Structures are given as C-alpha cells and as structure tokens.
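A short worksheet on the structure shown next.
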Amino acid sequence: MKIIDAHFHFSNRLGFKETAKHISQVEFSAHGLRQEFGQAGVVAGIIMATSRLEPDQPSGSQEEFDLEDGTVEGLLSCVGVNPEKLKEDHNELDYIEGELKKRWVTGIKLYPGYFPYYVYDPIYDPIYELARKYRVPVAIHCGDTQSPKGLLKYSHPLTIDELAVKQEEVTFVICHMGVPWVIDAVEVVAKNPNVYADLSGLLAGNKEHVMKMKEKRLYIEYIQQALVISNRYDKVLYGSDWPLVPIEPYVEFIKQLIPEEYHEAVFYRNALKVYPKLNEIL
C-alpha cells in the first residue's frame, strides 16, 4: 500500500535533533528519513515548516528541505506563520505570499497554543485571503503543546468551528486530531464540509513505546470511538509527526485504529484531495 505522510518535520532546528536523540532507532537525517519512508511504504510527504517561528531560526522554506546530509525526493511543505511577525513586519505577508508561489509549497501552517491568538483572530484574516487566492489548505496545530508555556485554550479544536463558518471557502486541517480532545475535533470535521483532520502525533516516543501503546485498550478505543462517532474516514489523513515517533511502527499503530476498508483513503487518497500539489509530484 502506498502511503502519504501528511504531517512531519524536516529541518535543522535544534529542538528536533535533540528530540530524535531520545527516540531510539530514529536517525534524524535525510538518510534516516529515506530509510523510514522506504520501510513504511511512504511515497510522498508534507513538511510542516517551522522556520521563522522563533527569532533564532533561519528564514526561507528551503531550509525545511535540507538536513546536513541532504534532502529526500517527494517532499512538499506548508509555510509556517508567526503572528507576532505579522504584527511587527509589514513585509511578512509578502514573504508568505512569495512562498506560496513556489512549486513545493502546498499549504499554510498555524501554531495556536504556541502563539496566544485564536484562529479566528483578525490578525490571521490576510492569511486566509492568501489561502483563498492560491487555493491551498491551512493546517492548524490543535490539542496539547510540547511546551509547558503553551496555552491550551487557543489550541482547542472547537475554535476551528467558528473559523470554518466564517471562512467557508478555505480548507482547514485539524492537526493531531486535536488530541486529547479527539471527539470535539471529529465533530468539527463532521459538521463542517471544509474541515479535515490528520492523525499525526497521537503519541510520541520510540518503537517500544508505540508497541506498548498499541496494547493500551482504553487509549485505542478512545480514539476509535471518535472515529466511529464521526464516521468520516473520507476526511481523515495519515501523518506521523516524525521525528517525534518512528514512522513504520506508527503506521502500524494507525492501521489498528482504522477499519481496513478505509486504509487506502486515510493513508493515501484523502491527502491528494486536501493538498493539491501532491497530484503533480505523484
């Protein structure tokens, strides 16, 4: 089965390198990603860009495509948005539009929770105008934050409901299915025709941890319950959140959650609908 990884990270950001060091059997490198893609059957992927999100990070999407040992074929990206820069730098919106004109940029990524703005805050209105203009989706971090300094009220998936109603011409992706608020997230997906969810980051850790969580019945059934309630397997996308988890065991974890009859849709076809430039590279 061919797989599209609709949510992972690929840059020289120090935090990813440090995280990978603590996850055994995961080499955070271009070579490591090629190996993981090959083992899992991944044929393409969407990078969630993190450059420009912090003052000490490099600028420009090209940094998202090159680790110290090279790059990987079949990659596209979503340009990351820093709302503080939108306020402070009049050129920031021009930068984001310039990124959207590049052949390898297929969407936009927001990070509420890490930044203290609701997704329906007017500060993001110009971003949604660009999404409409270039016909690209907006992926939105939802749920828990890695940083204890994050503010969860901004990253709750119910905030996407108001946004989806106001911006009905824009496609949105609830990243991480809003975990731990997965039932809230899938209700927003089921209600709003312009909202999807990806399954990245439902857990993080090494292969042994993933295998252990596969046996945690209450956790597995909690996520399955949400998927069954919404019954919208046509609007759910596979993603890993690599390097926070090794890809092959995470694929097996997600397969356990999804009825086999929907595997092709969740692991491949749905991503082609949401991220249009995937059709060009595949």
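Within the option set Glu64, Glu73, Glu84, Glu36, being modelled with pLDDT of 90 or more and under 24 Å from Phe172 (Cα atoms) holds for one residue only, Glu84. Do we have Tyr128 as without any contact (Cβ under 8 Å) to a residue 60 or more places away in the chain, closer than 21 Å to Lys191 by Cα and either touching a Phe, Trp or Tyr at 6+ places or on another chain (Cβ under 8 Å) or part of a loop (DSSP other than H, G, I, E, B) (or both) here? No; evaluated as a whole, the condition is false for this residue. Scanning the stretch 255-279 for residues that are without any contact (Cβ under 8 Å) to a residue 60 or more places away in the chain and either surrounded by 18 or more Cβ atoms within 10 Å (Cβ to Cβ) or farther than 15 Å from Pro137 by Cα (or both) yields Lys255, Gln256, Leu257, Ile258, Pro259, Glu260, Glu261, Tyr262, Ala265, Arg269.
For the stretch 101-141, how many residues meet the condition of being hydrophobic (A, V, I, L, M, F, W, C), modelled with pLDDT of 95 or more and surrounded by fewer than 18 Cβ atoms within 10 Å (Cβ to Cβ)? Number of matching residues: 1.
Those residues that are under 16 Å from Asp144 (Cα atoms) and aliphatic (A, V, I, L, M), I need them from the stretch 197-244; list them, please. Within the stretch 197-244, Ala197, Leu199, Leu202, Leu203, Ala204, Ile223, Leu244 qualify. Screening the candidates Arg232, Arg269 for the property of being at pLDDT 95 or above, within 26 Å of Lys102 (Cα to Cα) and of a type in the set (Lys, Arg) yields one hit, Arg269.
The values are calculated or read from the model by the stated rules, or taken from the named source; none is laboratory data. Computed from a prediction, not measured in an experiment: that's the story for all the values here. Glycine gets a Cβ as well: all are built from the backbone with ideal geometry, and neighbour counts include every protein chain shown.
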